[in-house]
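Asker: Before I ask anything, here is the structure I am working with.
The values are calculated or read from the model by the stated rules, or taken from the named source; none is laboratory data. Just so it is clear, the model here is predicted, and its values are computed rather than measured. Here the Cβ is made from the backbone with ideal geometry for all residues, glycine too, and neighbour counts use every protein chain on show. Ligands, DNA and RNA are excluded from the accessible area calculation, which covers all protein heavy atoms including side chains. Shrake-Rupley method; radii C 1.70, N 1.55, O 1.52, S 1.80 Å.
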Amino acid sequence: MPDVGARPTVELRGVDHAYPTKAGPVPALGPLDLTVEPGEFLVVVGPSGSGKSTLLRLLAGFERPSTGDVTLLGQPPVPGRDVGVVFQQPRLFPWSTVGGNIGTALKWAKVPKSERPARSAELLSLVGLDALGPRRTWEISGGQQQRVAIARALAARPRLLLMDEPFAALDALTRERLQEDVRSLADGDRSVVFVTHSVDEAVFLGSRVIVLTDRPGTIALSLPIDLPRRGVPADELRGSPRFAALRGEVGAAVRATLSSRPDQLVEKS
């Protein structure tokens, strides 16, 4: 659960971002104000081109906003510092083993060599791959490869985990299983910001869902998701009337973005 008494993990204040072209700047995002609390699982939904991936790049420190301020734990974000990123494709080293990929991430994170075997085993267990450390990455399934990518992103114990449609290329059953696994990744000090096009995925994963308008993306809806995060089977949760109601509300907001751009943030509590 988010620790609302602690310093925010992420803050965006007055953020606008545009990309330069020969014809002039193309607005991608903003104006945007957003706070992500410690332990929050924030899911970002919106039409293609609404700035979802741009938002993640700003949070990761890969880009700086055209105007406004982005802070991670009170400082401008720096790639690799307090932040882990999981992309749409696993981007693993094909010449290395599963354990080797994680070991490389631990080395980059400056984990002492003597501590790496235990930490690697801990990460493999966390993503359900305990016995697959010696396997080559091309010998395992796409879902297992994405699990390795998640373990690698967690190697440095990041306070913020960014996930950019990591399950988009997976079959429906594998996708649901991974959703159930990653739902618990936001906890304590660690926050997650997850981008998806799937309304069902957003409602199942998130402790809060925001819907972005068409380009340039602004917040059309910010909706706390009041579903149990522990103790209820996933199938029961997905089949509950409350899940259906939340899915309908988020879906309606997404559909509205395709025809008009809301002028104001709509807060639900």
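Asker: Of the residues that sit in the range 199-213 and are among the aliphatic types (A, V, I, L, M) and in contact with a Lys or Arg (Cβ under 7 Å, 6 or more places away or on another chain), which one is most open to solvent (accessible area, probe 1.4 Å)?
Answerer: Restricting to residues being among the aliphatic types (A, V, I, L, M) and in contact with a Lys or Arg (Cβ under 7 Å, 6 or more places away or on another chain), the top hit is 199.
So that you can scan it fast, the table gives a plain yes or no per residue for (1) free of Cβ contacts under 8 Å to residues at least 60 places away in the same chain; (2) buried (at least 17 other Cβ atoms within 10 Å of the Cβ); (3) among the small types (Gly, Ala, Ser):
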residue: 215; (1), (2), (3): no, yes, no
residue: 223; (1), (2), (3): yes, yes, no
residue: 231; (1), (2), (3): yes, no, yes
residue: 252; (1), (2), (3): yes, no, yes
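Asker: While we're looking at this one, here's another question. How many residues does the range 46-79 hold that are over 18 Å from residue 27 (Cα atoms) and among the hydrophobic types (A, V, I, L, M, F, W, C)?
Answerer: Count: 4.
Asker: So which of 188, 217, 239 is at positive phi, over 13 Å from the mean Cα position of the chain (by Cα) and not polar (S, T, N, Q)?
Answerer: The unique qualifying residue is 188.
Asker: Another one. Hey, can you tell me all the residues within the range 85-132 that are surrounded by fewer than 17 Cβ atoms within 10 Å (Cβ to Cβ), under 20 Å from the mean Cα position of the chain (by Cα) and part of a helix (DSSP H, G or I)?
Answerer: The one that is surrounded by fewer than 17 Cβ atoms within 10 Å (Cβ to Cβ), under 20 Å from the mean Cα position of the chain (by Cα) and part of a helix (DSSP H, G or I): 126.
Asker: Only one of (1) farther than 30 Å from residue 61 by Cα; (2) modelled with pLDDT of 90 or more; (3) open to solvent by less than 50 Å² (accessible area, probe 1.4 Å) fails for residue 174. Which number is that?
Answerer: Failing condition for residue 174: (2).
Asker: Taking interchain pairs and intrachain pairs at least six residues apart, which have beta carbon atoms under 8 angstrom, with the first residue in the range 174-193 and more than 12 Å from residue 42 (Cα to Cα) and in contact (Cβ under 8 Å) with a residue 60 or more places away in the chain and the second among the charged types (D, E, K, R) and assigned to a loop (DSSP other than H, G, I, E, B)?
Answerer: 188/3; 189/3; 189/159
Asker: Which condition breaks for residue 167 when tested against (1) outside any helix (DSSP H, G or I); (2) open to solvent by 20 Å² or more (accessible area, probe 1.4 Å)?
Answerer: So the condition that residue 167 fails would be (2).
Asker: Let me ask something additional. Considering only the range 172-210, state which residues are among the charged types (D, E, K, R), out of contact with any helix residue (DSSP H, G or I) (no Cβ under 8 Å at 6 or more places or on another chain) and either over 19 Å from residue 250 (Cβ atoms) or in a loop (DSSP other than H, G, I, E, B) (or both).
Answerer: 187, 189, 190
Asker: Being under 22 Å from the mean Cα position of the chain (by Cα) and open to solvent by less than 80 Å² (accessible area, probe 1.4 Å), is that true of even one residue in the range 133-141?
Answerer: Yes, some residue in the range 133-141 is under 22 Å from the mean Cα position of the chain (by Cα) and open to solvent by less than 80 Å² (accessible area, probe 1.4 Å).
Residue-wise test of (1) open to solvent by 10 Å² or more (accessible area, probe 1.4 Å); (2) in contact with an Asp or Glu (Cβ under 8 Å, 6 or more places away or on another chain); (3) at pLDDT 90 or above; (4) outside any strand (DSSP E or B).
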{"position": "16", "(1), (2), (3), (4)": "yes, no, yes, no"}
{"position": "24", "(1), (2), (3), (4)": "yes, no, no, yes"}
{"position": "30", "(1), (2), (3), (4)": "no, yes, no, no"}
{"position": "35", "(1), (2), (3), (4)": "yes, yes, yes, no"}
{"position": "53", "(1), (2), (3), (4)": "yes, yes, yes, yes"}
{"position": "57", "(1), (2), (3), (4)": "yes, yes, yes, yes"}
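Asker: Collect the residues in the range 235-250 that are open to solvent by less than 60 Å² (accessible area, probe 1.4 Å) and either modelled with pLDDT under 90 or basic (Lys, Arg) (or both), keeping them in residue-number order.
Answerer: Across the range 235-250, the qualifying residue is only 238.
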